[in-house]
Amino acid sequence: MTINWQEQAKKYRDQYLQDLKELISIQSVRDDANKSDDYPLGEGPAKALLKFLSFGERDGFTTKNLDNLVGYIEYGSGDDTFAIQSHADVMPAGDGWETDPFVMTEKDGKLYGRGTSDDKGPGLAAYYGLRMLKDNGIVPKMKIRLIIGTDEESDWTGMKHYFEVEPQPTLGFSPDAEFPLINGEKGNATYEVTFGNSNGTEYTLKSFNSGLRTNMVPGNATALVETDDNEGFVDAFTDFLDKNPLSGDIKATSDGIAVHLIGKQAHAMAPENGINAGTYLAAFLNQFNFKGDAKRFLSLIADYLHDDTRAHKIGAAYVDDVMGELTMNVGIMKFDFRKGGLVNTNFRYPKGTDDTEILQRLLKVTDNLSGKIKELSHMVPHYVDPTDPIVKTLLAVYAAQTGQKNVKPEVVGGGTYARMMKRGVAFGALFPGTEDTMHQANEFQPIDDLLKAMAIYGQSIYELTAK
């Protein structure tokens, strides 16, 4: 059968945009504070899942909801299963948006809103790629499942639940990264260092707050400080702003001096693309004569973690010829003069090193600072051989539809659901040359890119399941 995949995608444009608008309007950020039996990860993620499944029901697919944690849209039958793994949850919006993050806004050919790029826009494009097969009467030779998770941005509870109660898919892809194709994902390890609450009197750190999630470079940081030298403190802050790539403000309050720094959010897989407001704030405060745990908290961040996305200062830097460099993100930093301090670090590491080695490097630093450390989560590196038919087929489709030659698979620091399958890869939907705004303010995706991805997904599903 000969199908003009790109022309097919154009026919779906209006309905796709309407469906995406409805998805974007759902604030599907994981919300443990308001979880319930009906909404185990909060109301938003479950409602986004239900909305996604409703599209499948509307269009005549088989659907299944697994406990409001994960669900799937199914087409075809057979012993083998081809999986498309997407997610309906999103990161917190954060500050700095020029539009409402939960109202999809079209401007200059781009769609703005939380989830347009990660991952509602691409996931829905993959769904419409699957619709192309059904609408053209193409019957696949295996079962196809578009699986929708609800907390990819945190603990993967939903997708883990799927793999506990459903069979392992034979092969598949996740539309949650970039083109041309990701066949390798670095290991992912997260650690938490905690401190007591002892403080000083000349300078007292009453509070410090920066970061929303482990996998996001913090764009904002605030601190509340008590000191008798308000004038000197303010002058030092003004000088600090003049010499560093951030903006901010400082003001006196009844509880002390409130300091605010504004950096730039970015995805933790490429922390060098952001400006970590939290580590910069710690670097500013570390020059003053704080004492006790407050000083040790600031010292860990400022002396060992700040401005070092490759972890040279703690001795964990590592480079692999195939998978590239180890990267480090300092995602969450908190201190309270009553409760103590917390520093959360996330490492994306290649084969050749491991989470135990990273932990040992951190321990040497934290022991000297009287900090307590524990590993919160860990995933080993994932790699699919470039000669695997899924890699070769998807690259061939991408090359044919884009006209690009000599395309090659890549290894990234990001973690997608694809790593849960032995023959799973990440495939789009960010095109080379398009700005990556995942996990950032003013997240967007060009409409033409999403339609192009839809066509690529349609042909790819056809080539791998129906030919």
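No lab work stands behind these numbers, since they all come straight from the coordinates. The shown structure was predicted, so the numbers you read here are calculated from the model rather than taken from an experiment. Reconstructed Cβ throughout: ideal geometry from the backbone, glycine too, with neighbour counts over all protein chains shown.
Some observations on this one:
- Taking the Cα centre of segment 406-467 as origin and assigning +1 to Lys and Arg Cβ atoms and -1 to Asp and Glu Cβ atoms, the resulting dipole is close to 480 debye.
- Distance from the Cα centroid of segment 114-140 to that of segment 256-317 is 41 Å (rounded to whole angstrom).
- Computed FRET value (nearest 0.05) for ASP239 with GLU325, which takes r as the C-beta separation and R₀ as 30 Å: 0.35
- Between segment 13-65 and segment 205-246, the Cα center-to-center distance that results, in Å: 38
- DSSP H segments from the chain that extend 24 Å or more along their own axis, Cα-based, with Kyte-Doolittle mean of -1.0 or above: 447-465
- Take every Cα pair under 8 Å whose residues are at least 6 apart in sequence, average their separation, divide by the length of the chain, and the relative contact order is 24 percent.
- Placing a label point 7 Å from the Cα of ASP388 along the Cα-to-Cβ line, the residues of segment 70-92 whose backbone N sits under 17 Å from it are 80-86.
- Calculated diffusion of segment 229-323, Stokes-Einstein form, Kirkwood radius summed over Cα pairs, 20 °C and 1.002 mPa s, µm²/s: 143
- Relative protection proxy for 212-218, 242-248, 174-180, from highest mean packing down: 174-180, 212-218, 242-248 (other beta-carbon atoms within 10 angstrom).
- Residues ARG114, ARG361, sorted so that the one with the fewest Cβ neighbours within 10 Å comes first: ARG361, ARG114
- Ranked packing of 82-94, 6-18, 132-144, most packed first, by mean Cβ within 10 Å: 82-94, 132-144, 6-18
- Only Cα sites of the chain enter the Debye sum here, all with the same form factor; the resulting log10 I(q)/I(0) across q = 0.08, 0.09, 0.12, 0.13 1/Å is -0.49, -0.61, -1.02, -1.15, listed in q order.
- Pairs spanning more than 18 Å between alpha-carbon atoms, out of LYS21/LYS110; LYS141/LYS467; LYS47/LYS120; LYS11/LYS467; LYS186/LYS364: LYS11/LYS467; LYS186/LYS364.
- Rounded to 0.05, the FRET efficiency of the LYS467 and ALA252 pair, given R0 = 51 Å and the Cβ-Cβ distance, is 0.15.
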